[in-house]
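Just so it is clear, none of the values below were taken in a lab; they were calculated from the coordinates. If you're wondering where the values come from, they're calculated on a predicted model, not measured in any experiment. Every residue, glycine as well, gets a Cβ built from its backbone with ideal geometry; the counts of neighbours run over all protein chains shown.
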Amino acid sequence: MLKYRTHKQTFTTVSGAASFNTSKLSGLFDWIHIKPATDTTTFTLKMTDPDGLEIYESNTNVEGEVTEYVGEIPVSEVVAVAITGASKDELFIFKVRVVQDVQNR
């Protein structure tokens, strides 16, 4: 049986940047969703593990709302999320979904 867990965070960019840590995530990343308040805002999204290894990085200058299915990226820890190069300082909504395979007992 599969179990889905979504982590949601709202934040505001300052001088085009923001960063935060997720709660501990365990499983496989399924999708990443990020939405700035304005559809024309451009930005870059990067996610790293506690050792600084890159888990995910968007293309440079992504514009507006993005939902990306990332396949099966394994994770079992807190993830650092960073937005850089945002064209506006505004509210963003970030979501990531993790899939876990739960055995029936």
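Can you give the Kirkwood hydrodynamic radius for segment 1-95, in Å, rounded to one decimal and based on Cα pairs? Don't skip to the answer; put the middle values down first.
Working: mean 1/r = 0.0738 Å⁻¹.
Here the Kirkwood hydrodynamic radius works out to 13.5 Å.
Of all the options 45, 25, 53, the one that moves most in a Gaussian network model of the chain with Cα springs shorter than 10 angstrom is 53. Lysine pair count for the chain (Cα-Cα distance under 15 Å; residues 8 or more apart in sequence or on different chains): 8. Placing a label point 7 Å from the Cα of residue 88 along the Cα-to-Cβ line, the residues of segment 35-78 whose backbone N sits under 17 Å from it are 35-44, 61-66. Rounded to the nearest 20, the Cβ-based charge dipole of the chain about its Cα centre (Lys and Arg +1, Asp and Glu -1) stands at 480 debye.
In a fully extended conformation the segment linking residue 9 and residue 72 would gain 20.5 nm over its present Cα-Cα distance, using 0.36 nm per residue. What residue among 1, 87, 62 has its Cα farthest toward the positive end of the dipole of the chain, where the charges are +1 on Lys, Arg and -1 on Asp, Glu, each on the Cβ? Positive-end residue among those listed: 1.
Quick one: grab the alpha carbon gyration tensor of segment 13-63, order the square roots of its eigenvalues as a ≥ b ≥ c, and give me rounded if a/c is under 1.5, else prolate or oblate depending on whether a/b is larger than b/c.
Values: a/c = 1.92, a/b = 1.66, b/c = 1.15.
It comes out prolate by the Cα gyration axes.
Here the residues 43, 92, 20, ranked from fewest to most Cβ neighbours within 10 Å of their Cβ, fall in the order 20, 92, 43.
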